1. Output the residues belonging to segment 194-204 that are surrounded by fewer than 22 Cβ atoms within 10 Å (Cβ to Cβ) and within 16 Å of residue 137 (Cα to Cα).
2. Looking only at segment 6-54, which residues are at pLDDT 55 or above, touching a strand residue (DSSP E or B) at 6+ places or on another chain (Cβ under 6 Å) and part of a loop (DSSP other than H, G, I, E, B)?
3. Would you confirm whether any residue within segment 181-193 is crowded, with 19+ Cβ neighbours inside 10 Å, in contact (Cβ under 8 Å) with a residue 12 or more places away in the chain and either out of contact with any helix residue (DSSP H, G or I) (no Cβ under 8 Å at 6 or more places or on another chain) or closer than 21 Å to residue 45 by Cβ (or both)?
4. Given 164, 169, which one is at pLDDT 90 or above and within 17 Å of residue 208 (Cα to Cα)?
5. All but one of (1) modelled with pLDDT under 85; (2) under 15 Å from the mean Cα position of the chain (by Cα) hold for residue 57, so report the exception by its number.
6. Filter segment 27-46 down to residues that are under 18 Å from the mean Cα position of the chain (by Cα) and buried (at least 18 other Cβ atoms within 10 Å of the Cβ), then give me how many there are.
7. Please state which one of 62, 72 is touching a residue at least 40 places away in the same chain (Cβ under 8 Å), surrounded by 13 or more Cβ atoms within 10 Å (Cβ to Cβ), outside any loop (DSSP other than H, G, I, E, B) and in contact with a helix residue (DSSP H, G or I) (Cβ under 6 Å, 6 or more places away or on another chain).
8. Out of everything in segment 75-106 that is modelled with pLDDT of 95 or more, closer than 20 Å to residue 166 by Cβ and assigned to a loop (DSSP other than H, G, I, E, B), what residue ends up being nearest to the chain's Cα centre (by Cα)?
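The values are calculated or read from the model by the stated rules, or taken from the named source; none is laboratory data. Please read all numbers here as calculations on a predicted model, not as lab measurements. Cβ atoms come from the backbone with ideal geometry, glycine included; neighbour counts cover every protein chain shown.
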């Protein structure tokens, strides 16, 4: 995980769902993520990177955080509370007193039970970099039921929890916790502006914490 690359999130994160608008702003796709829901509620997550290898991990984390904000914007108040609680449970399972763990956050999760009888579906999430302006996220299909939206957040996090190196996992779990703090401190998920502000806040705070912890301490005489 390159902290230099992670620091790139310090400029605004922009979410767009309109391909033509993204193209007009010189959007360059850097990551395609597919969540394929099969019969019985089983989901498979796959990524195709279109950027430099050293940027792939950060792009995956960034896409997951923007997608979380996008989903929170779509849900009603009750559904948001449930999702935030489930994400916070995941944070506590990963960041434990004995160190970072790689738990199965999907096991017996209440948000995944409706998938057992849901129609098989494929969700495509494309992260693009906008020239000098941040990032865009396109989600297809645009009209998705809450079942797929909330399950998508957890499936993305589960995939990253299992696949990221320890440095990336640390950034991810700090950002997940920071995102929940953003909402619990009073930010309104239904405000379109917070689709960009929430992940920007979360990633910036996570990077700031890592940078401070990693900084060499001055020697005392």
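1. 194, 196, 197 - these are the residues of segment 194-204 that are surrounded by fewer than 22 Cβ atoms within 10 Å (Cβ to Cβ) and within 16 Å of residue 137 (Cα to Cα).
2. Answer for segment 6-54, where residues must be at pLDDT 55 or above, touching a strand residue (DSSP E or B) at 6+ places or on another chain (Cβ under 6 Å) and part of a loop (DSSP other than H, G, I, E, B): 25, 50, 51.
3. No, segment 181-193 contains no residue that is crowded, with 19+ Cβ neighbours inside 10 Å, in contact (Cβ under 8 Å) with a residue 12 or more places away in the chain and either out of contact with any helix residue (DSSP H, G or I) (no Cβ under 8 Å at 6 or more places or on another chain) or closer than 21 Å to residue 45 by Cβ (or both).
4. Only one candidate qualifies: 169.
5. (1)
6. Quick first cut of segment 27-46, residues under 18 Å from the mean Cα position of the chain (by Cα) only: 29-36, 43-46.
If we keep only those that are buried (at least 18 other Cβ atoms within 10 Å of the Cβ) as well, we get 30-31, 33, 35, 43, 45.
Here the count works out to 6.
7. 72
8. 105
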